[in-house]
Amino acid sequence: MKFSYAAPWRPFQWAIGLLVLLLTLPALAQEPPRPVPGIPPTILVMGDSLAAGYGLAADQGWVALTARRVAERKPDWRVVNASISGETTAGGSSRIVREVLRVKPAVVVIELGANDGLRGLPLREMRRNLARMIGASQYVGAKVLLVGMRIPPNYGADYANGFEQVYRDLAAHFDVALLPFLLEPIAADRGNFQDDNLHPVAGAQPALRDHVWKSLTPLLQKPQ
């Protein structure tokens, strides 16, 4: 199966569509939550198996390592990992409202899309789902770090190139921080991956933590 990234990017139409979508959600059609005294500002991670630490011990994944670094360098912050192995952007989109209202995050890290790309799902759906997640996060006053991925050209060069472009377009449109490719520091070495050639081994996780940390650190300013 092969998809072509033919549909042009229409920022105005997407903004209107997102606004309509948010207004139809009773949970968000309220005043955005404010920081609660005594509760530390929170980093909420919404990701797939790459963030959930598939095949690793609970304390070995880059999110767990990031949480440890946050505890050391930003002790007034905390990390909540709401990542699920196998998650798609549709799954994240369906959970985002519940999670942001539950956690009341100051920062949301969105690391989704790899499973969409591996399955060749339509890019317009991926774009819509990620836009909803970004919009819901910003609605409650959270900063967003969008973590991008790259995929092999199994579905054609147009699809692979369009897949990467989705992240760039959304980051520009919503004015959020973008980490273009999560696996950038480890992708070239097969030894960094488990037998499935998809999930990084424990030894590669510190490099991923450091890679994400560079983009995350500027967002860790205490909310007013």
For this session: Could you please let me know if I43 is part of a helix (DSSP H, G or I) and among the aliphatic types (A, V, I, L, M)?
Result: no
Exercise. Which of (1) open to solvent by less than 20 Å² (accessible area, probe 1.4 Å); (2) among the small types (G, A, S); (3) under 14 Å from D48 (Cα atoms) does A142 not meet, given it meets every other one?
Worked result: (3)
Exercise. Is it the case that the stretch 122-145 has a residue that's among the aromatic types (F, W, Y) and touching a Lys or Arg at 6+ places or on another chain (Cβ under 8 Å)?
Worked result: no
Problem set entry | Where a residue in the stretch 60-73 is among the aliphatic types (A, V, I, L, M) and its partner, wherever it lies, is surrounded by 13 or more Cβ atoms within 10 Å (Cβ to Cβ), with Cβ under 6 Å and at least six apart | V63/V45; V63/A51; V63/N81; L65/Q205; L65/R209; A67/V79; V70/W77; V70/V79
Exercise. Across the stretch 176-210, which residue is farthest from Y139 (Cα to Cα) among those that are of a type in the set (A, V, I, L, M) and in contact with a Ser or Thr (Cβ under 7 Å, 6 or more places away or on another chain)?
Worked result: L179
For this session: Looking for whichever is closer than 29 Å to P122 by Cβ, acidic (D, E) and surrounded by fewer than 23 Cβ atoms within 10 Å (Cβ to Cβ) here; the options are E87, E99, E72. Which one fits?
Result: E99
For this session: Considering only the stretch 108-136, state which residues are of a type in the set (D, E) and either open to solvent by 20 Å² or more (accessible area, probe 1.4 Å) or touching a Leu at 6+ places or on another chain (Cβ under 6 Å) (or both).
Result: E125
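The values are calculated or read from the model by the stated rules, or taken from the named source; none is laboratory data. Since this is a predicted model, take the numbers as computed values, not measurements. Here Cβ is always computed from backbone atoms with ideal geometry, including for glycine, and neighbour counts include all displayed protein chains. Surface accessibility is based on the protein's heavy atoms, side chains included, excluding ligands, DNA and RNA. Shrake-Rupley method; radii C 1.70, N 1.55, O 1.52, S 1.80 Å.
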